Amino acid sequence: MVVNVGSDAWPPALLDRMRRLCQQLSVSRDQALVSALLEASDGTARLLSMRPPPLQTECLLLATRVLAAATAAELDVDVEPLLDILLAEVYSPPPPLVDKLAGAARAAALLGALDQLLQCDHEAHRARAGELLGAGRLYMFFGLTGWEEMAPRPLYPVPQTPHDAPTAAPEAGRTENGRAIRSSTGKKVRRRKPNERKSIELPPGSHPGEEPDERPPRSWLLAESSDSDAGGPDGRLRAAQVRVRQAALVLLHSVVRFNDKRHMLGFWPSLVPDTPHVPARTLLTVVLQDPAARCRLCAASVLREMLDSSRFFLTGVDDRSSSGPAPFTPYSVTMACIVKELHRGLLLAALSEKSPLTLGSVLRALATLVANAPYHRLQPGLLTKVSRHVRAFLAHRDFDVKTAALSVLINVVSIHEPLPESRPAASADEAPPRADGGEELEFYDDEFDDDTGEGTGDAPGGAAPGQTPVRSWLWVRCRGFVLRKRIAPLPGAVSPFFYPTPVRLQAMRTLCALTKNYLAAVSDCLPEVSALVDVCMRDEDVAVRLHGARLLECVGDAAAPAPGAAGYDLWMAALTGPLPAMFAPDQKRFVRAAACHALSTIGAGVFERLPRDKQLLCVTLVLPLTADEEGTVRSAAGVFVRLPSLAEDPDYLLQTAEAACAAATARHEQLPVRVNAIWTLANLTDTLVQRPPDWQPLSITVLESMTTVALRAAEDSDKVKVNAVRALGNLVRHFSAEALADPRVSSLIPRCVDALIRCMTTGNSLVHMKVRWNACHAASNVFKNAALPYATAQWRPPLLEALCKLASNYKNFKVRINAALALSAPSKRAVFGDQLPYAWRHLLEALETAQNITDFNEFKHRDTLLRQVCLTLCRVVSLLEPADLAEAADALASHLDTVSAHLARLPSALLPEQSEPLLAAQENLRLLKQRRAGALSAEQSRAVELLSGAFAAPS
C-alpha cells in the first residue's frame, strides 16, 4: 500500500479501505498488513496535521477514523506524536464550510481516537490529564439545547472552579424531591416515575438481575451515520451528537480510570458541582438532563470511577461546624459541599430515571459514594435520605435495579462506625408499598412455601408466646428475596420460580452485613435465621450454599461475645442440619473452606456448652482437613486452637501445628492461603503463651519447625508478616530453659530477633505500620522470657536501640506506643545492661516529642502515648540501682518540668489495676532513701531526692 503524503488529499476510497483493514486486524493479524498500515497511519497523521482544504473534509474525517481504528487494532504506533496531533485537532476550530453532521462525526472520531490511545498506553497521558479532561468536559454537552458551543480549554487541579452557566435555562427542571416544577415557559413539567420504565433489552450474554459491566460501551468506534438512525436529517444529526457526547464521556472515564486518585481529586470541583440549583458543565448535569439514556449511563459510570477508592482522600471533609460567614471557604467545606451535592444529584437522578440499565448504573454510583463518604464528619441527614429513597427501589420490577438497590443498602449498614441515622435501615418499621404504578407482586412476609421448612402459625422461638418479634424490615425483605417463590407475571402462568441468583446472592450479602453490624435487628428472630441458613445450605446452587455458610459465620461472629440460648440453638441446628455435609470430601474446596470459616466463629462460650458428641463432631469435621490437598482448606482448618477445652489437648495442638507448618511451607501461590496458614500458626502460639511456663505440650522438633516457618514468613508480603512477627514473639517467650539448652533452638533466637528488628524498622506502607507495631509487641514478649541469656546476648543492644528510636521519635503514634510498651516489659535490671541510661534518655525525649504532631490523624493517640511513656519511665525507675542514680538524675534535670506535669496527671488517668508500675517506682525510691546512711554518696542522695520529687504520690 503506497501512499503519497505530498498530494493534496488521499482518495476517500483508499482511506475508507485503510480504516476497514484496521478493523479487521482484531480478527486476523497479518504481519505484512500490519507493517503496511503502520506506514499508512504515520502518513495519515501527517495528513491530519496539514489540515487539507475545506473541500477535502471527507478525507479529514476518514483520516481521523483511520487513526482511531489503528489504535484500536493495537498497532505498534508511537503514542506521543499521535496524542499531540489529536489534541491539537480537538482544540482547534472545525474547518470552515463543514456542516453540522460532518462536524459531529469528526468530533466523535477524534475523541474515540484519543480514548484508544489511552487504552494503548496508560502512562502517556499522565502529564496531559487537564487537556484531556477539558476536551471531554466540553464535548459531553455537545448538541444539548441551552448549552452554547465553546472553545475547549484545559482544566487545572484547583480547589474551586467557577461555574460555566449556559445561555438559556434547561428545558425541564426538577426539585430535590423529584416533584414537577415549572419550566421557563410556565408549563408544568411532569415528574418521571421510577417504575415508569420502557422495555430495554439486556446486553447479549447477560441474565436478569446480573450486574452488567460498568465500563461505558464503546460502540462509537464502529458506529457511523446511516439513514436507519432516525427519520430525516434532524434525526441523523441528533444521533451523531449523542455519539459525540458518549465518546466524550468514555474519554473522561478512561482518564479517571488510568490516573492517580489523589491527582484526580484536584479536578473534582471542575467535574462535580458544589452548589445546588446552579447550572454548570458537570457530570451530574449530564446524568440529570441528557435526553440520551446511554449518555446518562456513561456519566454515572464516570462518577462511580471517580468515587471508587476515594475514602482515604475524603477524610479531610468536614461539615460539622455551623459558624457564620467567613472571609474564605476552607477546602474541607468545599469538598463537603461536593459530597452533599453528589448525594442530592444521584438521588434525584434515581427518582427521575426511566431506563432500568441507567437506573442501575446510577444506584451503583450512589453505592460507591455511600461506601467512601465520611458521614461521621458530615451533618446528619444524608444517610436517612439515602435509605428512605433507595428502599423503594427494592419493589422495582427490574432485577438489576433490585440488585443495585441492595448494593446501596449493604454499604449503608456496613459503615465502619455505625451512626444513629443508619439504624433505620435495621429498624422494624415497615413503610407502605410505593404507589407509583409499579407492577411488583405483593410480598407475604409472614408466610413461607412448604419447602422452606417454616410454618405460619407457630410463634418464633426468639419471642414470647403471643408476642410478635422485632424484625428489621431489611431482614424481612432480603429473606423474601432469598426464599420466596414468586408467580410468574405472565397471563395464565402459574409455575413458581425463585428470584434470579444475582438478586438472591446480593440479598444474602445484605443479610451478612446487617447481622455483622446490627445483630439486634435479628436477635429476636434467630430461629428464623437458623431456618434461612438451613435452607441456603441445602440449595442446589453452590453460590447460595457458600453465602449460607458466610451468613452463619457472620451471625456466629457477632453473637460470640455474648452467647445466649438463641446462639446455642443456632449452632445446635447447624450441626444437626446441613453444615456437616459441607465437609464431605466430594464437596468443592471452597465449600469446605467456607464451612471451616463458619465453624471457627462458634465461640468458646457456646462450644463449652455443647454436648460432648457435638464437640467431638466439630473436631472430627475439622481435623481431616488439616491434611487436605488444597492449600485453602488446610489453612482454614486450624480454627479451634483458641478454644479452652481443645487448647489443652496436646494431640490436637500437634496436629494443628503440623497442618499450619505444612500449609505455610508449601508457599502457596495465593496470598490468602499463606495469610491464613500463618494466622493459624500465630493463634497456636497465642495458646502456648497463655499457659504456665512449665506447660510444654510440643516437642523441640515441632517448635523448631514452627520457628523456621515463621522466620520464612517474616520475609513474605506485609499481610503475612503481620502474623509472622506475632508468632516469632510468642515462640521466643515460650521457649523453656531446657529448650534453650538445645543448639537447634538457641541458634534460632538471634535470627528471630533480627527478623523483628528488620520488620519494626523498615517499610512505610499503611499495612506495614501494623507490621511495625506487631513487631514491637513481639519484642515485649521476648523480654518476658526470664530464661534467655540477656547478659551475654549479642542481639540485646540492637533490639533495645531500635525500640528506643521508635519510642522517642516516629511519625506513627501506635508504633511508638507499642515500642514504649516493649521497653516496659523487662522485670529485671540485667535485661537493660549498660543501655539503661540510653533507654532513659530516649524515654524522656519521647515525653517531649509526643506534643509534636505532624499528622492530625495521630492526635487521637497522643494521650495514650503520653500515658504509656510515663508508665515505662516508672518501670525503669523501679529497676534503678544506686549506680544508675546520678546519670538518671542528670538526664531528668533538663526535662523535670515536663515529667513532673505529666506524672502529676498520671494517677487520675489510670485504672487501679494499671497503677502497678507507678507504685513499684515509688517503692524502689523509698528503699533507696533508706540506704542513704553510708550506702549512698552525696550525689546519689541528691539524685534520689530529685527522682522522689518527680515520682512522688500526689498529696
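The values are calculated or read from the model by the stated rules, or taken from the named source; none is laboratory data. On a predicted model such as this, the values are computed, not experimentally measured, just so you know. Heads up, the Cβs are rebuilt from the backbone with ideal geometry, glycines too, and the neighbour counts pull from every protein chain shown. Just so you know, the surface numbers come from the protein's heavy atoms only, side chains and all, with ligands and any DNA or RNA stripped out. Shrake-Rupley method; radii C 1.70, N 1.55, O 1.52, S 1.80 Å.
Can you tell me the accessible area per residue over the stretch 611-788, all protein chains present, probe 1.4 angstrom, in square angstrom? Don't jump to the answer; show the numbers that get you there.
On the way: 7060 Å² over 178 residues.
Normalised by residue count, the accessible surface of the stretch 611-788 is 40 Å².
With every protein chain left in place, what is the accessible area per residue of the stretch 810-954 in square angstrom, probe 1.4 Å? List each step's numbers first, then the result.
On the way: 6790 Å² over 145 residues.
Accessible area per residue: 47 Å².
What spacing in nm lies between the two simple spin-label points modelled at Leu101 and Val689, each 7 Å away from Cα in the Cβ direction?
7.8 nm
For the pair Ala938/Glu80, report the inter-label distance in nm, with labels modelled 7 Å from Cα in the Cβ direction.
7.9 nm
Once phi is turned into θ = phi - 60°, what whole-Hz ³J(HN,Hα) does the Karplus curve with 6.51, -1.76 and 1.60 give for every residue of the stretch 884-896, x standing for Gly and Pro?
After applying 6.51 cos²θ - 1.76 cosθ + 1.60, I find 8, 5, 4, 5, 5, 5, 4, 5, 6, 4, 7, 10, 4 Hz.
What does the charge count near Ser736 come to, summing +1 for each Lys or Arg and -1 for each Asp or Glu among other residues with Cβ under 11 Å from its Cβ? Could you put the intermediate results ahead of the total?
Values: positive: Arg733; negative: Asp694, Glu738, Asp742.
Net charge in that neighbourhood comes out at -2.
Ranked highest first by average number of other Cβ atoms within 10 Å, how do 525-531, 936-942 line up?
525-531, 936-942
At what distance in nm do the modelled label points of Gln794 and Asp586 sit from each other, each positioned 7 Å from its Cα along Cα→Cβ?
6.1 nm
Ranked highest first by average number of other Cβ atoms within 10 Å, how do 471-478, 574-581 line up?
471-478, 574-581
Work out how far the C-alpha atoms of the stretch 611-788 reach from end to end along every principal axis, then list the three figures in whole Å, largest first.
Ordered largest first, the stretch 611-788 gives principal extents of 48, 37, 26 Å.
For the pairs Lys719/Lys770; Lys805/Lys828; Lys261/Lys770; Lys814/Lys860; Lys784/Lys929; Lys721/Lys770, note any where the Cα-Cα span goes beyond 18 Å.
Violating the 18 Å limit, Cα to Cα: Lys805/Lys828; Lys261/Lys770; Lys784/Lys929.
Taking all protein chains as present, what is the carbon and sulfur share of the accessible area of the stretch 611-788, in % to the nearest whole number, probe 1.4 Å?
Here it works out to 52 percent.
Let me check something: with ligands and nucleic acids excluded, how do Lys721, Lys340, Lys770 order by accessible area (1.4 Å probe), largest to smallest?
Sorted by accessible area, descending: Lys770, Lys340, Lys721.
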